[in-house]
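Below is one structure, written out as structure tokens, with a few remarks after it.
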Amino acid sequence: MIKIFSFLSIKKIIISGLTCKKWKRYCRSRSLWRTLDLTRKTLEIEIIPIFRHFYLFPSQYKYTPQILFSLKKWIPFTKSLNITGCRNLNDFSVFKFLEKQMNKIQILNLSGMHELVTQWGFLKCRLCSNLRELYLERSSFLTDDIIEKIVKNCSYLHTLVLDACNEITDNSVKFIAQYCNLKLRKLSLESCLMMSKFVFYYLQQCPNLEFLNLSATYPFEEGELKVDYTLIPNEYALVSRGETETNSFSSPLEDELENQNENQNENQNENQNENRNENQNENQLEDELENELENQNENQNENQNQNQNENQNENINQNQNQNENQNENQNENQNENQNENQNENQNENQNENINENQFEDELKNKKPPSCFKELFYFEQKYAKSKQEQQIALIPLNQLFFNFANKCNKIKYLNISNHHELNDSMISPLIENLPNIQQLILDFCSISNHSLKTISQKLPNIRKLSIKSAIDIDNSSIQSIITKCPNLQILDLNLCDSFDDQVFNFLSDSQLKESSFLSKIKVLRFGWANVSDFSINHLFTYLKSNGAFSNISELDFRGCEYISDYTLFLLSQNTTSLTAVSFSECPITDNGLSFFAKSSPNLVAISLDECENISFQGVQAISFYCRKIIGLSISKTKICDENLKLLSIYCQKLRFLNISFCNLVTSVGLINLSKGCKKLELLDLTECSGITIEAIEYLTQNCVKLQHLDIHGIRTLDARRLIEIQDRFMKNGIILTLLTDTDNSGDSTTDSN
């Protein structure tokens, strides 16, 4: 009975427990509540090459803290908690219902819960002392300090996923290696833009590491970090990654001192000039007064020479006395002004000495003023110690060599999207990691040397992806095929340097009994130089070897020499094929019909920009491929009748792309929504025949819809679209509407 209940959802288990006491006892069994997953189950996009550029983030607004608290009595034995996308639970109160059970949780997934991750990391991570696996992808508020607290309190962690956490730096890896060194098995840092080659030095302390993902991180190349050293104090100078010499520049503190001294000197000069001008003005006034008095005396003397001789003498004496008094007053004022100037200069010099002593103390104690807070935050984020400066001087190939020797148990390694990595850097990793089973080197600068080293040193490799390897030829591909018997996935997308004769050697009669590619399941040749002729040699060999029936995925996107002949070859024995892509290939309805009849297990198919595909080809897919979940047929000649057939025969459809299909109208969309009620993603870009009434009918029937692209449909009413979004919000789902209702192409409605 418990096994039957294990197939039910949480809601249905609770309802079943209300039936009777016996069922209630079954529903409270430990095995049913060890994992509490509140997220929506979505399709594994990895197996479908069509919709990889979409990420459907499961958004659950229907789960609230109140609902979660009501589950408290049902989950006394919970060991795994997953609340990814439960945005109403993005609050610290979520952990109150599990406060007593926190030490029992071993697997915790808080991906995308930005605020909740920060609060949990600072306050409640110490309660999860038995945590084994932690998933914190897309946590934009996650910092080095939070990582340090988490790994300090959760010392039993063996799996840590931090994809797209852009605020964490090399210091986070340093803390992880310090506190989880012997237990760490899996570490994923994909798209963490602040990582550098220091990661390989710190992870040397983790000898048991088996899984490492460093895709799309900061470039590992030396000297790549460019810092404006004129903004950083000399005492706190940074050393660029790969630079050997210290930088000579003046610190901002010294510049500030110099500026202050200059200002003080300017003030002193201004004061002196003012004093001089005042003295000159006083002297001028005195001269003017003297001249006036002399003129008066002369006039009086001329008019009264005869009558006032005695008075004249007395006036002369009085004038003399007055002049003496004026001179005395002037001397006294000058002395007072000089004393005041001297006192002011002394006070200023004392203040200068005090300021200089204060700044010298700040320099010695390394306490910068408040104006450098942002600068020192930057310095704390990037500055390296003397030991790390020495690490920066180690060549990358030597650093890889040391890392590979210490961590030789790695089975999965992803260092894709690093154009700076070449053969000399990658070879030390390949040569010293013999246990690698999955190696992803997409968009790295590798050549024949690296591929031949892989074929010689990694005989147990199962997955090899070398997208956009521009310097490989037939011999390196052939060495991989012949020397890697366990290979299951081979990705050669965008590899156009090898020619059409790459598989001709398989036609040799001596190789018919060999076991090359006996376990192959996935082959990807998108935009590669393959044709019907070369694929014929490959398929003929796989059929003779018995391995052709194992193939589950084929990718021929952009191969202009793949035609209906390849579809005829596939139609002979393709019962296990689940995903295939023929986008931009010159195939027709006849070849697609033959292929669809022999492929009943197809789950996903891509036919984008196949201009010769019309009603007949898509009709065959509807009739014979009824398990299909993802279908992409943009820029084809389908019509409303095809959508009606899809709604009748392909009711499991969840992803549909019919963009730029001008023959599709509202009638076809309404018929589609009647049967395909599990749709989650629908692309209607530039389908000008769609009306707002059809959109409303679609959203009423397809209640699981999360992503609707209606770019280029300029006849839709934005207000009614917002009403549709609000209706979905009430049902607990975010509906992303990508619209373009004006000529400028701006998005008018986007919930995210």
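The values are calculated or read from the model by the stated rules, or taken from the named source; none is laboratory data. These numbers come from a predicted model, not from an experiment. A quick note on method: Cβ atoms are made from the backbone with ideal geometry, for glycine too, and the neighbour counts reach across all protein chains shown. Ligands, DNA and RNA are excluded from the accessible area calculation, which covers all protein heavy atoms including side chains. Shrake-Rupley method; radii C 1.70, N 1.55, O 1.52, S 1.80 Å.
A few comments on the model shown:
- Only lysine pairs 8 or more places apart or on separate chains count here, and in the stretch 597-680 those with Cα atoms under 22 Å apart total 17.
- Positive contributions from Lys and Arg (+1) and negative ones from Asp and Glu (-1), summed over other residues with Cβ under 12 Å from the Cβ of Arg185, come out at +3.
- Modelled label positions at Gln501 and Lys674, each set 7 Å beyond Cα in the direction of Cβ, lie 5.9 nm from each other.
- Were the residues from Ser549 through Phe615 laid out at 0.36 nm apart, the gain over their Cα-Cα distance would be 20.8 nm.
- Approximating the spin labels as points 7 Å out from Cα along Cα→Cβ, the Asn166-to-Ile470 distance works out to 2.7 nm.
- Rough spin-label spacing in nm, given labels placed 7 Å along Cα→Cβ, for Lys597 and Asn130: 6.0
- The local environment of Gln437, defined by Cβ-Cβ distances under 10 Å, has a net charge of +2 under the rule Lys, Arg +1 and Asp, Glu -1.
- Residue-span extension gain [Gln651 to Asn590] - 0.36 nm each, minus C-alpha spacing: 19.5 nm
- FRET efficiency for Ser515 and Gln572, using Cβ-Cβ distance with R0 set to 30 Å, rounded to 0.05: 0.85
- Full extension of the chain between Arg626 and Leu193 yields a length gain of 151.6 nm, computed as 0.36 nm times the residue separation minus the alpha carbon distance.
- Among the listed pairs Lys152/Lys183; Lys183/Lys411; Lys174/Lys197; Lys197/Lys463, those beyond 19 Å (Cα-Cα): Lys197/Lys463
- Shape call, the stretch 514-613: gyration tensor on alpha carbons, a/c limit 1.5: prolate
- Computed over protein heavy atoms with a 1.4 Å probe, the carbon and sulfur contribution to the accessible area of the stretch 128-229 reaches 45%.
- Percent accessible area from carbon and sulfur atoms, the stretch 432-581, protein chains only, probe 1.4 Å: 46
- Based on protein heavy atoms only, the stretch 614-653 ends up with 39 Å² per residue of surface accessible to a 1.4 Å probe.
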